[in-house]
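The values are calculated or read from the model by the stated rules, or taken from the named source; none is laboratory data. Computed from a predicted structure; not experimentally measured. Using ideal geometry, Cβ is built from the backbone for each residue, glycine included, and neighbour counts are taken over all protein chains shown. What goes into the accessible areas is simple: the full protein's heavy atoms, side chains included, and nothing from ligands, DNA or RNA. Shrake-Rupley method; radii C 1.70, N 1.55, O 1.52, S 1.80 Å.
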Amino acid sequence: MTEPCAPTVPVDAVREVVRADLPRTLEQLVELVAIPGIAWESFDPAQLERSAEAVAGVLSDAGLDEVEILRVPLGDGPGHPAVVAHRRPAPGRPTVLLYAHHDVQPPGRRELWNSEPFAAEERDGRLYGRGAADDKAGIMAHVGALRAAAAHRGDGLGLGVTVFVEGEEEAGSPSFRNFLEAHRDRLAADVIVIADSSNWEVGVPALTTSLRGMVGAVVELSVLEHAVHSGLYGGPVLDAPTLLARLIATLHDDDGAVAVEGLLAEDRTDLDYDEERFRADAAVKDGVRLAGRGSIASRLWTRPALSVTGMDVTPVDVAANTIAPSARAKLSLRTAPGQDPAEAAEALRRHVEAHAPFGAHVRFELEETGQSFRTDMSSEAARIARWALGESWGRPAVETGIGGSIPFTADLTEVYPEAAILITGVEDPDTRAHSANESLHLGEFERAVVAETLMLLALDDAARHPERARE
C-alpha cells in the first residue's frame with residue numbers, strides 16, 4: 001500500500017508504541033473533558049482559563065518546550081486563552097504546525113444526555129462527553145503522536161513542531177486573524193495539520209479537501225408600530241410571523257434548492273454518498289423527501305445550503321390575542337467552495353429585501369462571514385498524509401468535502417501561502433459533535449494517532465532524504 005514517496009517506516013512497530021501509550025493518552029483526554037471550557041459570554045470564563053492551563057500541562061508533559069498561554073485583545077477584554085508550544089527544528093528541517101481547539105460547545109439540555117456531559121464515560125467502545133471528540137480528542141491525537149514519534153525515533157525527531165490550541169473556535173474564532181498577525185513568526189510552518197474534521201465512516205479514513213464558506217445573518221420583519229388586538233384589526237393586516245414565514249419560503253424553490261440568485265454551485269465530487277446512508281447518518285425520518293438537486297455529495301459539499309437556525313416570535317404559552325408587530329429569524333448560509341463570502345452576503349441581502357411580502361419593513365443584519373477552502377492534494381505533504389492514513393487504517397483514504405465551515409483555514413492560507421494545509425480528524429458520522437451524547441470511537445482514535453505518528457516520521461524522513469521524494 002506504499003506510494004513511491006512513502007518512506008520506510010515500520011508501521012507495526014509504530015502501532016505498538018502508540019498502543020502502549022494509549023491508556024495515558026485517554027486518561028489525559030478524560031481529564032480535559034471534565035473541564036467545561038466554553039468561550040461564550042454567558043459562561044464562566046474561569047473554566048476556559050482552567051482548560052488552557054490543563055492543555056499547557058499536557059503539552060509540557062509531552063516534552064514540548066516554550067509552552068505559553070497567549071491571547072490578543074478582543075473588544076474591551078483581554079481575549080480568549082490559546083496555548084502555543086514549540087520545539088525548534090534541526091538545521092535544514094521543516095516545521096509542522098499542529099492545530100486543535102480546547103473550547104467546546106455548551107452541553108445543551110441535560111435530559112438529552114445519557115451520562116454527564118462533563119464526566120467522560122466509556123460505553124461500547126466509545127467515549128462519551130462534551131469535547132470527547134470535538135476537539136479535545138484532536139489535542140490528544142497530536143500529543144499521542146508526538147510522544148510515539150519521539151519514543152520510536154531514538155535519534156530524535158528533527159522536525160520543528162509548533163502546537164497551537166485555540167480557545168475560541170466554537171465561538172467563531174473572533175480574534176483568530178489578529179492572533180495570527182500578532183504571532184506570525186512564532187506560528188510559521190511548512191505544513192499545517194488541522195485535527196478538527198471527520199473520517200468518512202468507521203473503518204474508512206478521510207482527508208478533508210474542501211470546506212464550504214458561510215454567511216450568518218439576522219432578518220427582522222415588522223408591520224406595526226406596536227401590537228394590536230387581533231379581533232379588532234385582524235384581516236387587513238397580517239401578523240409579522242406569517243409574513244416572515246412567507247419571506248422564508250422564498251429562500252428555496254419547489255425542489256428545496258436554494259433560490260437566491262448570485263450563489264455559486266457545482267456538482268463535481270469524487271465520492272458517492274448513498275441516500276440510504278445519508279438518511280441514517282442525518283437521522284431523517286421516514287417519508288421525509290430530501291431537498292435540492294444534484295448528487296447528495298454535491299448538495300452537502302459543493303452547492304449552497306440555507307437554514308433557519310432560530311426565530312424570535314411570541315412564545316405559545318404567553319401568546320395574547322394580538323397581531324405580533326415584528327419577528328426575527330437567524331439565517332445560516334453555507335456557500336460553495338470558491339464563493340466570495342461578501343458577494344454571497346450581498347446576494348442574500350438583495351433577495352430578502354426584494355421579497356419582503358405585502359410591503360413589510362425588513363432589516364438585514366450581517367453577523368459573520370467565513371471563506372471557503374480547497375487544499376492542494378498534489379503536495380508532498382498531502383501524498384505522505386494519504387500514505388499514513390492508508391497504512392494506519394489498512395485501506396486507502398478517501399478525499400471528502402465538508403458541508404460545514406472552518407473559516408480560519410482561509411486566514412491560514414492568506415498568512416502562510418506557501419504552507420501545505422492538511423485537514424484530518426478523529427470524528428465519524430455517529431460522533432454527534434455539538435449535540436447531546438457526543439462521543440469518540442476509541443478504535444478510530446487509536447488509528448488517528450498511529451496515522452499522525454507515521455505522518456510526522458515520514459515528513460522527517462523526507463527532509464532527511466529528499467532524494468527519496470517522488471519527482
| field | Cα-centred dipole magnitude for segment 201-280, charges only on beta-carbon of K, R (+1) and D, E (-1), debye, nearest 20 | value | 360
| task | Taking the dipole about the Cα centre of the chain, with the C-beta of Lys and Arg at +1 and of Asp and Glu at -1, give me whichever of ALA171, LEU74, ALA34 is farthest to the positive side. | result | ALA171
| query | Per residue, how much accessible area does segment 1-159 have with a 1.4 Å probe, in Å²? | reply | 44
| remark: In the chain, helical segments from DSSP H whose Cα atoms cover 18 Å or more along their own axis and that average at least -1.0 on the Kyte-Doolittle scale are 11-33, 45-61, 136-152, 341-354, 380-393, 442-464
| said: What's the magnitude of the charge dipole for segment 1-125 around its Cα centre, counting Lys and Arg as +1 and Asp and Glu as -1 at the beta-carbon? Answer in Debye, nearest 20. | reply: 360
| remark: A student applying the Cα gyration tensor rule (rounded when a/c is under 1.5; otherwise prolate if a/b is larger than b/c, oblate if not) would label segment 97-171 oblate
| task | Along Cα→Cβ, 7 Å out, is where each label goes; now give me the distance between the ones at GLU343 and SER379 in nm to one decimal. | result | 2.5
| request: Would you rank ASP196, ASP286 by solvent-accessible area, highest first, keeping every protein chain in place and using a 1.4 Å probe? | output: ASP286, ASP196
| query | So what is the 222 nm mean residue ellipticity for the chain from helices alone, if each DSSP H run of at least 4 adds -39500 (n - 2.57) and you divide by all residues, rounding to the nearest 500 deg cm²/dmol? | reply | -10000 deg cm²/dmol
| Roughly how big is segment 349-446's charge dipole about its Cα centre, with Cβ charges of +1 (Lys, Arg) and -1 (Asp, Glu), in debye to the nearest 20? | 400
| message | Explain nothing, just the number: relative contact order of the chain, from Cα pairs under 8 Å at least 6 residues apart, as a whole percent. | response | 25
| note | Spelling it out for ILE421: with amide H atoms placed in the peptide plane at 1.01 Å from N, the residues 5 or more places away or on another chain with amide H under 5 Å from its amide H are ILE192, ASP376
| query | What's the carbon and sulfur percent of segment 243-291's accessible surface, probe 1.4 angstrom, rounded to a whole number? | reply | 46
| note | With R₀ set to 30 angstrom, the calculated FRET efficiency between the beta-carbons of ALA46 and ASP267, to the nearest 0.05, is 0.05
| What is the log10 of I(q)/I(0) for segment 295-450, computed with the Debye formula using one identical point scatterer on each Cα and no solvent, at q = 0.10, 0.19 Å⁻¹? | -0.57, -1.35
| query | For segment 58-145, what value does the Rg/Rh ratio take when both radii are computed over Cα atoms and Rh is the Kirkwood radius, given to two decimals? | reply | 1.07
| message | Sequence gap at least 6, Cα distance under 8 Å: using those rules, report the relative contact order of segment 1-154 to the nearest whole percent. | response | 28
| For ASP274 and HIS434 in the same chain, what is the full-extension length gain: residue separation times 0.36 nm, less their Cα-Cα distance, in nm? | 55.2 nm
| task | Have a look at GLN339, THR375, PHE408 and report the one farthest towards the positive end of the charge dipole of segment 321-439, computed about the Cα centre with Cβ charges (Lys/Arg +1, Asp/Glu -1). | result | GLN339
| note | A student asked for the Cα radius of gyration and Dmax of the chain in angstrom ought to give 24.0, 86
| task | Within segment 355-370, find all residues whose amide N lies under 19 Å from a label point positioned 7 Å from the Cα of ARG246 along Cα-to-beta-carbon. | result | 355-364
| Of the listed peptides 316-329, 225-238, what is their order by residue-averaged count of other C-beta atoms within 10 Å, with the highest listed first? | 316-329, 225-238
| Once amide H atoms are placed 1.01 Å from N in the peptide plane, what residues at a sequence separation of 5 or more from GLY160, or on another chain, have their amide H within under 5 Å of its amide H? | ALA90, THR95, VAL96
| remark: Checking rank on 355-368, 87-100, 381-394, with mean other Cβ inside 10 Å and highest first, the result is 381-394, 87-100, 355-368
| remark: The simple spin-label model distance between HIS465 and GLU53, using points 7 Å out along Cα→Cβ, in nm, is 4.7
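May I ask you to derive the relative contact order of segment 375-471, considering only C-alpha pairs under 8 Å and at least 6 residues apart, and to give it as an integer percent?
35
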| Label zone at PHE358, where the point sits 7 Å out along the Cα-to-Cβ direction: segment 220-245 residues whose backbone N lies under 12 Å | 222-224, 233-245
| field | Shape category assigned to segment 1-115 from the gyration tensor of Cα positions, a/c cut at 1.5 | value | oblate
| field | For segment 208-247, alpha-carbon Rg and Dmax in angstrom | value | 17.5, 59
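Which value results when the Cα radius of gyration for segment 272-373 is divided by 2.2 N^0.38 Å?
Relative to the 2.2 N^0.38 Å estimate, segment 272-373 comes out at 1.37.
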| request: Scan around ALA259 for amide H atoms under 5 Å from its own, H built in the peptide plane at 1.01 Å from N, and keep only partners 5 or more places away or cross-chain. | output: HIS252, ASP253
| query | Per Stokes-Einstein, at 10 °C and 1.306 mPa s, what whole-number D in µm² s⁻¹ belongs to segment 346-436, with the Kirkwood radius over Cα pairs as the hydrodynamic radius? | reply | 93
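For a protection proxy built on the mean count of beta-carbon atoms within 10 angstrom, sort 41-48, 182-189, 79-86 highest first, please.
Order by mean packing, descending: 79-86, 182-189, 41-48.
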